[in-house]
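The values are calculated or read from the model by the stated rules, or taken from the named source; none is laboratory data. Note that the structure is predicted; figures quoted are calculated from it, not measured. Methodologically, a virtual Cβ is constructed for each residue, glycine included, from the backbone with ideal geometry; neighbour enumeration extends over all protein chains shown.
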Amino acid sequence: MAPPQEHQSESDSSWDAIVVGAGFAGLFMLHRLRGLGMRAVVFEAGGGVGGTWYWNRYPGARCDVESVQYSYQFSAELQQEWDWSEKYATQAEILRYAEHVADRFDLRRDIRFHTRVSAASFDETARLWRIETEDGQRASAPFCVMATGCLSTTNHPRLEGFDDFRGRVLHTGTWPHEPVSFRGSRVGIIGTGSSAIQSIPVIAEEADHLYVFQRTPNYSVPARNAPLDVVERADIKASYPVLRETAARMFSGIVFRYNPDSALAVSDDDRRQEYERRWAHGGVSFMGAFADLLFDRRANETAAAFVRSKISEIVHDPVVADALSPTDIIGCKRLCVDTDYYATFNRPNVTLVDIRGTAIERITPDGVIAKGSEYAVDTLVLATGFDAMTGALNRIDIRGRDGRRLKDKWRDGPRAFLGLSCAGFPNLFTITGPGSPSVLTNMLPSIEQHVEWITACIAHLRNRGLGCIEATDDAEDAWVQHVADVAGGNLRSQCSSWYVGANVPGKPRVFSPYIGGFPQYVRQCEDVVAAGYRGFALS
Ligand code: N01
């Protein structure tokens, strides 16, 4: 591997590659580009590395994929030297890990922090991507890699009267860096997705009163988080190669026990026992209880009914338990993982405001009006999620050949080949872009696979004296159709989730991630390469 190149001065604006975003994708991309001997720069809107884990500092934030799996595998040394303290690491620990990686691989010197990219356009004559930032910087490079994240543009619902609110407003996805106290405060939280379900139990412990405005109840399973002791950590380190190899063969890229049986082929007792075991174990492996949970509505309903029975066991007030109980497909929206979420509604200082079938009527200077009543609050927490998959890319004015805007190309939904590249946008790569498994898998291995693919692709071009690679229209059309076909056979495509863009008013309803599974996706990426970059035009 070639040593990193000399650091460029601030005034230099011409690079071999530009990367947008310094989350886990951008950090590893920079490392690999340097490995090719390329001069690369990263533009990052935040003041530090870590992406999602830099911004989402809300109380209770953790990753619900086990830390030992939600971590890089490209460096055996990194794996061996880093100790995870808990089964599910906190946001703060994951951020420390990202910072450690940045320092360990000396990445920061090529990252421009507090620099948001506003435009990227392809200059066909010079065959360069020309980048502009919000603060007026310009840079150019033959290659541009968007490492902008799948859940990085926050969704702010337009609520009448919002600007008149006199209290404090916080969004889980852009949480302040300084400590936030809820002591003595009446808090209203809007939303009951993963971010809300993690933060509600923690906020409830501190706030005078917490009002939870719930439009749609969500299924959640207990995390059963626990510290990792010295012996467990040593075992993990000794078994990393096997763990990673096994994970690569799993549908989700995460190692857990999948039961190949149908939920409908076993007795009621056996089925219940399987769910009980998974509930006791905790985590997203609950959905691995039976093979057909995401393919057969009747099978799915057995798991849904089990979780509802748990909610009514945990929540004392039957009216509240009923309001917290979802009736739709479990796992259709992303399954939530919690610590004491349902039990929090037994606290006297927590009120569930069930706005199912209605909407928040308006925000007043002093609170929230819903279902005809005003709830006075000092702090409003928006746990209202993200403009997922396409939000961060569409926010940048990206223009390809003939000045065509990516946003226009994607007007009826995202179109990309393998989620990596778009026809009409030569030498532009997207890491975990729409049409790739990304959010339906363990993000870290999915990121690494994309970075390795892009790195090998650029090396291929350079080795052959080629300057350009671009997905063909035909390959892109076929891939978009394949992504839709696979989604059509899965229950996950049926509900109004952020996977289909339903949470953002006006967004076209398209199932964005690829739901064919991680191994199947990787095979297709490898086949494309083995066939001489089939589906791409190289020049
Ligand atoms: O966002 P969400 P999130 N009025 O979109 C509600 C990942 N993640 O930030 O369902 C009232 O899931 C909305 O209601 P509804 C994970 O992939 C991972 O929680 O649309 N309510 C919903 O309840 C996750 O799936 C981790 O009816 C409104 C909520 O806001 C993804 O990020 C932790 C509303 C938004 O839920 C997003 O999770 C956190 C309105 N106008 C996040 N608008 C872990 O790894 C929206 N809502 C643990």
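Structure above, values below:
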quantity: Per-region count, the stretch 116-142, residues more than 18 Å from SER421 (Cα to Cα) and of a type outside the set (A, V, I, L, M, F, W, C); calculated: 11
quantity: Selected residue [within 11 Å of the ligand (Cβ to nearest atom), modelled with pLDDT of 95 or more and of a type in the set (A, V, I, L, M)] from ILE203, ILE189; calculated: ILE189
quantity: Considering residues of the stretch 488-518 that are assigned to a helix (DSSP H, G or I) and touching a Phe, Trp or Tyr at 6+ places or on another chain (Cβ under 7 Å) only, the residue farthest from GLY465 (Cα to Cα); calculated: LEU491
quantity: Neighbours by Cβ (under 7 Å, 6+ apart or cross-chain): first from the stretch 207-225, among the polar types (S, T, N, Q); second away from the ligand (no atom under 11 Å from the Cβ) and assigned to a loop (DSSP other than H, G, I, E, B); calculated: ASN225/LYS87
quantity: Subset of the stretch 172-208 [out of contact with any helix residue (DSSP H, G or I) (no Cβ under 9 Å at 6 or more places or on another chain) and among the basic types (Lys, Arg)]; calculated: ARG186
quantity: Top-ranked residue in the stretch 139-154 [being of a type in the set (Gly, Ala, Ser) and either assigned to a loop (DSSP other than H, G, I, E, B) or free of Cβ contacts under 8 Å to residues at least 60 places away in the same chain (or both); ranked as surrounded by the most Cβ atoms within 10 Å (Cβ to Cβ)]; calculated: ALA147
quantity: Every residue from the stretch 70-106 that is surrounded by 22 or more Cβ atoms within 10 Å (Cβ to Cβ) and of a type in the set (S, T, N, Q); calculated: SER71, GLN91
quantity: Wholly within the stretch 34-104, helices (runs of 4 or more DSSP H) carrying at least 2 residues that are more than 12 Å from the ligand (Cβ to nearest atom) and either farther than 30 Å from MET287 by Cα or touching an Asp or Glu at 6+ places or on another chain (Cβ under 7 Å) (or both); calculated: 76-81, 91-104
quantity: Members of the stretch 309-342 found to be among the hydroxyl-bearing types (Ser, Thr, Tyr) and assigned to a loop (DSSP other than H, G, I, E, B), listed by number; calculated: SER325, THR327, THR339
quantity: Filter result (outside any loop (DSSP other than H, G, I, E, B), of a type outside the set (A, V, I, L, M) and over 24 Å from the mean Cα position of the chain (by Cα)) within the stretch 156-199; calculated: PHE162, ASP163, ASP164, ARG168, ARG183, ARG186, GLY188
quantity: Cβ pairs under 8 Å, 6+ apart, first in the stretch 484-497 and at pLDDT 95 or above and away from the ligand (no atom under 15 Å from the Cβ), second of a type in the set (Gly, Ala, Ser) and outside any loop (DSSP other than H, G, I, E, B); calculated: ALA487/SER493
quantity: Residue within the stretch 504-514 that is within 16 Å of the ligand (Cβ to nearest atom), under 20 Å from LEU293 (Cα atoms) and among the hydrophobic types (A, V, I, L, M, F, W, C) present; calculated: yes
quantity: Enumeration of residues in the stretch 257-298 that are of a type in the set (Asp, Glu) and in a loop (DSSP other than H, G, I, E, B); calculated: ASP261, ASP292, ASP296
quantity: Residue match in the stretch 155-176 (condition: buried (at least 24 other Cβ atoms within 10 Å of the Cβ), touching a residue at least 60 places away in the same chain (Cβ under 8 Å), more than 30 Å from SER121 (Cβ to Cβ) and within 13 Å of the ligand (Cβ to nearest atom)); calculated: yes
quantity: Filtered residue count, the stretch 312-344, keeping only those that are free of Cβ contacts under 8 Å to residues at least 60 places away in the same chain and touching a strand residue (DSSP E or B) at 6+ places or on another chain (Cβ under 6 Å); calculated: 1
quantity: Qualifying residue in the stretch 207-216 (condition: more than 16 Å from the ligand (Cβ to nearest atom), outside any loop (DSSP other than H, G, I, E, B) and closer than 18 Å to THR351 by Cβ); calculated: yes
quantity: From the options VAL202, VAL266, residue that is surrounded by fewer than 19 Cβ atoms within 10 Å (Cβ to Cβ), over 20 Å from GLN69 (Cα atoms) and within 23 Å of the chain's Cα centre (by Cα); calculated: VAL202
quantity: Number of positions in the stretch 343-377 that are in contact with a Lys or Arg (Cβ under 7 Å, 6 or more places away or on another chain), away from the ligand (no atom under 14 Å from the Cβ) and assigned to a loop (DSSP other than H, G, I, E, B); calculated: 3
